[in-house]
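Only one structure is covered here, and it is reproduced in the block below.
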Amino acid sequence: MKRILLPMLVAATLSVLVPAGVRAQKISFDLDTTTLAAKAIETVEITLDGELLRLAGRFLATADADEPELGRLLRRLEGIYVRSYTFDSDGAYDSRAIAAVRARIGAGWQKIVNVRSADSDDVEVYTKLAGDRVEGVVIIAAQPRQLTFINIVGPVDLAELSLLEGQFAIPRISKKDAKEK
Amino acid sequence: MSALGRALLIAGLAGAVLTGCRTSEFGTLCNAVSAQPGVHRQYIPMLGIARIGVRMAHPAGVFDFKLAVFENGGMHRSPAVDRALSSIDQRGWTPVVKVRSADGTRTRIWLRESPRGMEMLLFAHETGESVVLQLEMDAETLFARLAADPAGAGRRTLAGLGD
């Protein structure tokens, strides 16, 4: 957990150095879904945005909800997009699919986390900054048999990202016993 | 009958006819699936009574539901069903979940707001069986289930009705 959150917090602190006015963008993952989906034994696409996301936040933030913090976070967000591909053998997907998504992450985004683990559970976290605020997050989680792209649009405190783990098909990333390179 | 009375009667009849002709999204999906060769809708005993019970007791936060289960005879992808699925997006429903598996299993979930909470429309297709489910339920319960298990939210809620 610390391995991922600590760099995130450092990056958030440093973010005041980044020019203001940078707007969050939705990164489209449509590019390689056909190729990946063709090889995957299961493809999961979650799209939660607009009024639906605000509604989810409102209802999950009620006093008797199990996770009011999650609800408060959702109310601030503009979109959560998850594309997850599961394969039946190790290394069944082409790593160029990851490169294609990386290529879509353009100017204004910063890579703040790059975890490479011995068992090939790799995680990359990119943030889009607007002044001192994080306005968007892209997470690429690559495991031997699963590839997940997550795009979170809207103001988010990086420390809150753990609230989303295990929700809306977002994998539990921070609990992995990963080694940073 | 006065002219005004006749006009009101005609307007009322026209409204009733138009309302009856408008196919719901649930109906659109059911029609598309049942029109496929070799597909038969399964009779579910006591479904009507169960629905009345749900409307009265609201188990698992559900206010109402419609359910259709089809024996699909191993039907795979059908353009007509794909068109019906695509048409739902343009009819006030927001697509939230899409799951596809290599074995042909598919799940689609749409949501929309309703006066009492939220409505969920689910289409699930697997070898041998297709399911169309529409639920109107408490929004807090729905979102909690959707967050915990997006693809399984509909079926888990349906299973919870029997508890």
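The values are calculated or read from the model by the stated rules, or taken from the named source; none is laboratory data. In this text the structure is predicted, and so the values were computed from the model without any measurement. Here the Cβ is made from the backbone with ideal geometry for all residues, glycine too, and neighbour counts use every protein chain on show.
Given the options B:Leu133, B:Leu121, B:Leu142, name the one that is among the aliphatic types (A, V, I, L, M), outside any helix (DSSP H, G or I) and within 14 Å of another protein chain (Cβ to nearest Cβ).
Working: B:Leu133 fails: within 14 Å of another protein chain (Cβ to nearest Cβ); B:Leu142 fails: outside any helix (DSSP H, G or I).
Just a single option satisfies the conditions, and that option is B:Leu121.
Using the structure shown, decide if B:Thr107 is over 21 Å from A:Thr34 (Cα atoms) and either surrounded by 14 or more Cβ atoms within 10 Å (Cβ to Cβ) or of a type in the set (Lys, Arg) (or both). If you could, list the steps in order and put the result at the bottom.
Working: over 21 Å from A:Thr34 (Cα atoms): no; either surrounded by 14 or more Cβ atoms within 10 Å (Cβ to Cβ) or of a type in the set (Lys, Arg) (or both): yes.
No, not satisfied.
Which of the numbered conditions does A:Phe87 fail, given that it passes all the others? Conditions: (1) modelled with pLDDT under 90; (2) out of contact with any Ser or Thr (no Cβ under 9 Å at 6 or more places or on another chain).
Going through the list (1) modelled with pLDDT under 90; (2) out of contact with any Ser or Thr (no Cβ under 9 Å at 6 or more places or on another chain), A:Phe87 breaks only (1).
Return the residues of segment B:40-50 that are touching an Asp or Glu at 6+ places or on another chain (Cβ under 7 Å) and crowded, with 16+ Cβ neighbours inside 10 Å; say none if nothing qualifies.
Within segment B:40-50, none qualify.
Take segment B:23-44 and flag every residue that is assigned to a helix (DSSP H, G or I) and in contact with a strand residue (DSSP E or B) (Cβ under 7 Å, 6 or more places away or on another chain). Full working, then the answer.
As a first pass, look at segment B:23-44 and keep what is assigned to a helix (DSSP H, G or I): B:25-34.
Selection gives B:Glu25, B:Phe26, B:Leu29, B:Cys30, B:Val33, B:Ser34.
If I ask for residues that are modelled with pLDDT of 90 or more and in a loop (DSSP other than H, G, I, E, B), which ones from segment B:45-85 would you list?
Passing the criteria: B:Pro45, B:Met46, B:His58.
On the given criteria, is A:Ser162 in contact with a Lys or Arg (Cβ under 6 Å, 6 or more places away or on another chain) and touching a residue at least 40 places away in the same chain (Cβ under 8 Å)? Break it down into steps so the answer makes sense when it comes.
Values: in contact with a Lys or Arg (Cβ under 6 Å, 6 or more places away or on another chain): no; touching a residue at least 40 places away in the same chain (Cβ under 8 Å): yes.
Spelling it out, it is not the case that A:Ser162 is in contact with a Lys or Arg (Cβ under 6 Å, 6 or more places away or on another chain) and touching a residue at least 40 places away in the same chain (Cβ under 8 Å).
Condition test on A:Arg116, is it surrounded by 14 or more Cβ atoms within 10 Å (Cβ to Cβ), basic (Lys, Arg) and away from every other protein chain (no Cβ under 14 Å)? Working first, answer last.
Working: surrounded by 14 or more Cβ atoms within 10 Å (Cβ to Cβ): yes; basic (Lys, Arg): yes; away from every other protein chain (no Cβ under 14 Å): yes.
Here the answer is yes, as A:Arg116 does meet what is asked.
Residues that are on the phi > 0 side of the Ramachandran plot: list the helices (runs of 4 or more DSSP H) wholly contained in segment A:66-181 that include at least 1 such residues.
On the way: elements: A:68-76, A:96-104, A:161-164.
Where helices (runs of 4 or more DSSP H) fall fully within segment A:66-181, none carries at least 1 residues being on the phi > 0 side of the Ramachandran plot.
Residue by residue, here is whether (1) within 17 Å of B:Glu119 (Cα to Cα); (2) more than 14 Å from every other protein chain (Cβ to nearest Cβ) holds:
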site: B:Val39; (1), (2): no, yes
site: B:Met56; (1), (2): no, yes
site: B:Ala68; (1), (2): yes, yes
site: B:Asn72; (1), (2): no, yes
site: B:Ala80; (1), (2): no, yes
site: B:Leu85; (1), (2): yes, no
site: B:Val97; (1), (2): yes, no
